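Peer 1: Quick one: the structure is below, questions incoming.
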Protein chains: 2
Amino acid sequence: MSHVLIVDDERDLAELIDFNLRGAGFSTRLAFTGEAALEAAREQSPDVVLLDLMLPDLSGIEVCRHLRANSQLRDVLIVMLTAKSEEADRIRGFEVGADDYVVKPFSVRELVLRLKAILRRSSAPKDSLPPLALGPLRLDVTAHRFYVEGQETSLTALEFRLMEHLMARLGRVQTREQLLEEVWGLSSALETRTIDTHVMRLRDKLGSARALLETVRGVGYRIVDPAAG
Amino acid sequence: MSHVLIVDDERDLAELIDFNLRGAGFSTRLAFTGEAALEAAREQSPDVVLLDLMLPDLSGIEVCRHLRANSQLRDVLIVMLTAKSEEADRIRGFEVGADDYVVKPFSVRELVLRLKAILRRSSAPKDSLPPLALGPLRLDVTAHRFYVEGQETSLTALEFRLMEHLMARLGRVQTREQLLEEVWGLSSALETRTIDTHVMRLRDKLGSARALLETVRGVGYRIVDPAAG
DNA sequence: CCCTTCCGTTACCCATTTGTCACGCAAGGG
DNA sequence: CCCTTGCGTGACAAATGGGTAACGGAAGGG
């Protein structure tokens, strides 16, 4: 999941946000001043900066400018937190390049939704992707459909993600650890044997194409290219 | 001359616009909140609503929807004022039926020109969108009517938007989060289960065609193409 | 002001999905 | 040929997701 830098001098609020974002699967980092925020951002580039407009040292706008001026951090997403009375500053916030704003007081649920929405927008600018095709297999991410030899085959959501991940990495072995992290998500502390079970279930559904999903003993799994020898 | 309702919570800006529009011969009325805007519009139907996207209570998009949902006010012209130059917001603005948009900061001169242009355009016959047709379903955006097997079926405003959104994305799965963001609007922090309820209500109204609205477990919903057997 | 419609939320129930375990086979090294 | 280790497989319990009905509040129309 994504990494969020939370910048707010009200510690209680910052920690409340922190707690909830972690609960929603984000990794987080806190900063209580503008300087600390910039330092933290330089240390570990966040995906999103949640930025209070009013800070003791630099204003949120200043922080915003500094971020945008840094070539490393230029493309970070910035969400401004503003109190109602600071409306006029909002416009300036957008002028210096905030990507979204949330007005205090806000519900945490709304904040989480906004964050997800903005991440989704930035990561998937395209509404539809071309399907992944590979020999007898075709996986259409946009429609969320999967075909074996032209026959639609129903996969569960998890199986679909697993298949997508493997097909997108054609020929490359994926270790169980990699799969756990990238298909299941960071927070999952599962038995690695669980993966075996899901691979088996996938193979069942692959039918005649089951040979394309290979085991690499002691390492992991991979999809092989049927065209390559 | 035409009557313009100016909706912006930044009073200074609203009054600046007001002053200039009066100078250009428009009659005007001000509203500083979404609620006030709706009330004012109900009281005295304006020819144009100049609508800030960001308001303290309802978002501009919400206001837009309310206006479009009201039979008296459905045909009012709406010009969105937005600080975001982002394509996504423009598109959403247009989706809910804004007739034009102006990006802040704008020159007052430009604003007046745009207003005049749009009033001129609207007096000409309204260009209509072709209805979305799909097997037994037909959704006429322009007339705001919906037919199942040729039979008109009444949908609520929300159901209509949901159906329109899904039909316009034929075959593509829409996640609950996407739907929340794009049909309901970002400002609404709803339970995702709310969507289920509305999908159910929609299915009821679809009657024999209910199978066209598919659930993709763990992902979202999609409309299937009856032609793609 | 009352009545109707619309909408968001909740609770319940069922089917499916998913994680875990135990067993035994297979692979590969010595 | 034997032993160790890794993996395939089937069974099972728990968790999850979604359909549905019902409720209450809000908004709109008369």
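Peer 1: For region B:176-185, check the following and say yes or no: at least one residue is more than 11 Å from chain A (Cβ to nearest Cβ) and over 21 Å from B:ALA98 (Cα atoms).
Peer 2: Scanning region B:176-185 turns up no residue that is more than 11 Å from chain A (Cβ to nearest Cβ) and over 21 Å from B:ALA98 (Cα atoms).
Peer 1: Based on what the data block shows, is B:LYS116 within 16 Å of DNA strand C (Cβ to nearest atom) and either at pLDDT 75 or above or in the same structural domain as B:VAL49 (by TED's automatic domain parsing) (or both)?
Peer 2: Taking the combined requirement at face value, the residue does not satisfy it.
Peer 1: For B:ASP52, all conditions in the list (1) within 14 Å of another protein chain (Cβ to nearest Cβ); (2) surrounded by fewer than 18 Cβ atoms within 10 Å (Cβ to Cβ); (3) not hydrophobic (A, V, I, L, M, F, W, C) hold save one; what is the number of the exception?
Peer 2: Only one criterion is unmet by B:ASP52, namely (2).
Peer 1: How about region B:14-29: which of its residues are more than 17 Å from B:LEU77 (Cβ to Cβ) and buried (at least 18 other Cβ atoms within 10 Å of the Cβ)?
Peer 2: B:ALA14, B:ASP18
Peer 1: Output the number of residues of region A:15-50 satisfying the condition of being free of Cβ contacts under 8 Å to residues at least 60 places away in the same chain and closer than 14 Å to A:VAL112 by Cα.
Peer 2: Adding up the residues that qualify gives 6.
Peer 1: The conditions are (1) open to solvent by 70 Å² or more (accessible area, probe 1.4 Å); (2) more than 12 Å from A:GLN174 (Cα to Cα), and A:GLY218 fails exactly one of them. Which is it?
Peer 2: A:GLY218 satisfies all of (1) open to solvent by 70 Å² or more (accessible area, probe 1.4 Å); (2) more than 12 Å from A:GLN174 (Cα to Cα) except (2).
Peer 1: Which residues, counting only those in region B:160-208, are within 14 Å of DNA strand D (Cβ to nearest atom), of a type in the set (D, E, K, R) and surrounded by 18 or more Cβ atoms within 10 Å (Cβ to Cβ)?
Peer 2: B:ARG176
Peer 1: Which of the residues that make up region B:139-159 are β-branched (Val, Ile, Thr), more than 16 Å from DNA strand C (Cβ to nearest atom) and open to solvent by 50 Å² or more (accessible area, probe 1.4 Å)?
Peer 2: The answer is B:THR142, and nothing else.
Peer 1: Could I ask something else about it? State whether the residues of region B:86-108 include one that is at pLDDT 75 or above, in contact with a Leu (Cβ under 9 Å, 6 or more places away or on another chain), not assigned by TED's automatic domain parsing to the domain that holds B:ASP140 and not in a strand (DSSP E or B).
Peer 2: Scanning region B:86-108, I find no residue that is at pLDDT 75 or above, in contact with a Leu (Cβ under 9 Å, 6 or more places away or on another chain), not assigned by TED's automatic domain parsing to the domain that holds B:ASP140 and not in a strand (DSSP E or B), so the answer is no.
Peer 1: Take region A:129-155 and flag every residue that is within 18 Å of A:ALA209 (Cα to Cα) and within 16 Å of DNA strand D (Cβ to nearest atom).
Peer 2: A:ARG145, A:SER154, A:LEU155
Peer 1: Scan region A:183-225 for residues that are within 11 Å of DNA strand C (Cβ to nearest atom), part of a loop (DSSP other than H, G, I, E, B) and either modelled with pLDDT of 95 or more or not hydroxyl-bearing (Ser, Thr, Tyr) (or both) and jot them down.
Peer 2: A:GLY185, A:ALA189, A:LEU190, A:GLU191, A:ARG217, A:GLY218, listed by residue number.
The values are calculated or read from the model by the stated rules, or taken from the named source; none is laboratory data. No experiment lies behind these values; they were computed from the predicted model shown. Please note: Cβ atoms are built from the backbone with ideal geometry, for glycine as well, and neighbour counts cover all protein chains shown. We work out accessible area using only protein heavy atoms, side chains counted, and drop any ligands, DNA or RNA first. Shrake-Rupley method; radii C 1.70, N 1.55, O 1.52, S 1.80 Å.
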